[in-house]
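Encoded as structure tokens, the structure appears first; notes follow it.
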Amino acid sequence: MIPFTIPDIRKFPPTLKKLTLVGSHADWTEMSIIGQLPNLEVLKIKDNFFSGPLWETNDNNGFRCLKFLKLSNLDIQKWICSSDHFLQLRRLVINDCLDLEEIPSDLGELPTMEIIEVYGSAASVAESARQIQEAQRDICNEDFRVFIYPQRLDTDAFNITKVLDDHPDFSTFNNYLTQTQLAAAINSRATITVLAVDNGNIGSLSGKPTEVIKNILSVHIILDYYGATTKSGNMSKKSNIVTTLFQTSGKAIGQQGFLNITETSSGVSIGSAANGATLGTNLVGSIFEQPYNLSVLHVSSPIIPAGIESINSSKTSPPPAPSPKSHSPRSSPTPSMSPSDTSPPTSKPPRPQRAPATSPPQPNDPTAVTPAADAPAADTHHAAGAARLSLGVTFMVVSLSSAISMIW
């Protein structure tokens, strides 16, 4: 097989934040080009896109903005880097790298580290992860966690129904997702956040037509990944306008398809971004997180934008509300809600002062951040040599022809 050569950095969009590389057997020295991408935050390297025994970072490829790194099914044996690289790295996933000897110990000096996950790799890799955990404790990073699994991680796919099946306190919400076919819409996305309401607080939806329930629950599905953490602080003293699945339905009137998420001194409050709406729902805790793919967060009550119940109301019989298995979900410490990935997608909501009625308003906080209007669609499997970019931009890198094409 002819090794693939990565194109000049000028061939990549300068705003690129997410990149998945699959196949091709490029030499690890080519990684220096990827490391120069100025805004890259999420990098997944799979199935020997880079091949060879040694990856050594240097002064030219420090990955200055990288927050998430996944190495999967690679033949790498030794990985050498210093604490001068990966200065913002938070999560590291090592999957099915059977020849890798250890994780570089210098990663233990990074104060930004939050999680290391090791799947189906050598015992020495797991031991090096534990040693990094000790080093993190030495620098007072008590929140750092290590997860060791003997089996390899086969896929990034998720199933929201199965996730919530493990949490019977959310059985009513889970059944509504299935009955309204929103579960399939969630599973088809590559990056999504679900705001789930427990059985004891979802009773206000009982008896409503199926279409109305679907519209309301669509507002609880955010088209981006937001993790619940007390560490990040990315939204500290800020309000964010985020886009929901309801905005993509074509039914939203005004700002009904957007949510306002505001972090206060007492926690995180959430409400419709429509004019005059209040922030009447609180973030309770995290239910499930699969970094940069699926986040399921527990919220205190349904979010019902004004007027949404009169949109396309049908005479369809309402779905039966199942008998809740529990009305008292375990309480979690109130976290901060932080966007773990904010890659710009295909379009952005226009700024309010120039926007039509369907664009999101800016919250009162002058430091508010307006995220993307939509999230990337679910990843598809490309042939060997494909590099997927979750930016509304896709590079197809074909190793045999060394051809690059952009799809905007």
field: Nitroxide proxy distance, nm - points 7 Å out along Cα→Cβ at Cys65 and Arg137
entry: 3.6 nm
- prompt: In straight Cα distance, which aspartates and glutamates are under 20 Å from Lys208, not counting same-chain residues fewer than 8 positions off?
  reply: Asp198, Glu309
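What FRET efficiency comes out for Ile148 versus Asp47 if R0 is 25 angstrom and r is the Cβ-Cβ distance? Round to the nearest 0.05.
Working: r = 22 Å, r/R0 = 0.90.
According to the calculation, E is roughly 0.65.
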Total lysine pairs whose alpha carbons fall under 17 Å of each other in region 1-104 (8 or more apart, or interchain): 12
message: Using the Karplus curve 6.51 cos²θ - 1.76 cosθ + 1.60 with θ = phi - 60°, what ³J(HN,Hα) values do you get for each residue of region 207-216, in whole Hz, with x for Gly and Pro?
response: x, 6, x, 4, 5, 5, 4, 4, 4, 5
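Do any trypsin sites (Lys or Arg not before Pro) in region 11-112 lie in a loop, going by DSSP, with at most 16 other beta-carbon atoms within 10 Å of their beta carbon, and if so which? If you can, show how the numbers build up before the last one.
Numbers: sites: Lys11, Lys17, Lys18, Lys44, Lys46, Arg64, Lys67, Lys70, Lys78, Arg90, Arg91; in loops: Lys17, Arg64, Lys67, Arg90.
Answer in residue order: Arg64.
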- prompt: So, in Å, what gap is there between the alpha-carbon centers of region 245-318 and region 49-117?
  reply: 37 Å
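Here, each number is a calculation from the coordinates, and none is a lab measurement. Source: prediction; values computed, not measured. No Cβ is skipped: glycine too gets one built from the backbone with ideal geometry, and neighbour counts run over all protein chains shown.
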